[in-house]
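Everything below concerns the one structure shown next.
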Amino acid sequence: MQETMVERQLQQRQLAGDLGTLKAAFEATGSPRWIMDTIIKQGLDVQHNFRLEIDYIDDLVKNGLQSGEAALAQGSVDFIDTDWLSIARCRNQGMAIGAVFPYGRIMGGLVAPCDSGIGSLEHLRGKRIGVVRLQDKNWIIARAVCIRCHGFDPQEDAVVMEARSKTGLIQRLEQGEIDCAFVFWHLVPRLVATGRYRQVCDILDLLPALGIDRCPTTFFTFRDAFIEQHPRLIRAFVAAYTAAVDLMRNSNEAWVEIRASLLHGCDPVLLKALREKWESRVTTVWNEAMIADLHHLFDEIRRTGGTAAVGCDRIPAGTFTTAFMH
């Protein structure tokens, strides 16, 4: 009987793993899943002599930690993706984790109903605003820009509702419990595609007001001990990740597969919007200048919003790992 492609892939994966298995946790509805799925289906982990395994988790915040952060703290996975503020807060609380390599400039957007009078951040005064959590980077940055550019703090001059999950936030928006919402980036095109909502602003477009242009905000994050013990395995993952990004940037077929398997066969117009937003955010570059920019951005949002807004008074040493710069 002729061997099927699936059987060959399984055999290759069983034979691979000279460097071992790398286990990660990602939200089932998050965009990093698109890249991880591409790595596995294209055999990019096998090509780089390791095996990638993924646990797909929920998007809930419990006891101040996102599900992925909790999994990493418990040692049930080797790495996750999270933003630099969350890493700094975790380190400040004694969790020895560090940013190894960036996923990208992962910022969301402010959306409102099409018939809303909200046209910019300055219109947030007195509104009911939805956020995933008060320490979400999208909300912290929006607050900083409002304070600096518009002379008010929406945390004080509006009603802010904390949903504790992105799913719950969308539900509140759809049910009319809030006037607008700061949602994760890949949800913006989906909401706009319904014809009921519009994007008021992209958080990326707010960064120049704080003196920042292009720097990553979300990173693949490992425990310090794992970084020290398995540098070759991490380098292999970075190589596989970079190869997957290059493939997704240049291959329509890769997106056809993502659309079919992960996006429920979504409308081609929506797929195009998601791909364009993804390409404007993802990065395969990591250097010292980016670390300097992230320190500057941290200082700006702490200066305007206060230590309580960001959750710590400084970025602790070890937050960023430089050994895997590319």
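Of all residue pairs spaced 6 or more apart or on separate chains, those with beta-carbon atoms under 7 Å, a first member in the range 220-247 that is within 20 Å of Ala88 (Cβ to Cβ) and a second member that is of a type in the set (Ser, Thr, Tyr) are Phe220/Tyr103; Thr221/Thr82; Ile227/Thr321. When Thr217 is tested against (1) touching a helix residue (DSSP H, G or I) at 6+ places or on another chain (Cβ under 7 Å); (2) of a type in the set (Ser, Thr, Tyr); (3) farther than 20 Å from Phe298 by Cβ, only condition (3) is not met.
The criterion of at least 1 residues that are more than 30 Å from Leu233 (Cα to Cα) and either of a type in the set (Asp, Glu) or within 14 Å of the chain's Cα centre (by Cα) (or both) is met, among helices (runs of 4 or more DSSP H) falling completely within the range 79-169, by 137-145, 154-157. Checked against (1) modelled with pLDDT of 95 or more; (2) over 17 Å from the mean Cα position of the chain (by Cα), Asp202 passes all but condition (2).
In the range 146-167, the residues that are touching a residue at least 60 places away in the same chain (Cβ under 8 Å) and at negative phi reach residues that are among the small types (Gly, Ala, Ser) and surrounded by fewer than 18 Cβ atoms within 10 Å (Cβ to Cβ) with C-beta atoms within less than 7 angstrom, at least six apart or across chains, in these pairs: Arg148/Ala209; Cys149/Ala209.
The values are calculated or read from the model by the stated rules, or taken from the named source; none is laboratory data. Quantities reported herein were computed from a predicted structural model and do not represent experimental measurements. In this analysis, Cβ positions are derived from the backbone assuming ideal geometry, glycine residues included, and neighbour counts consider all displayed protein chains.
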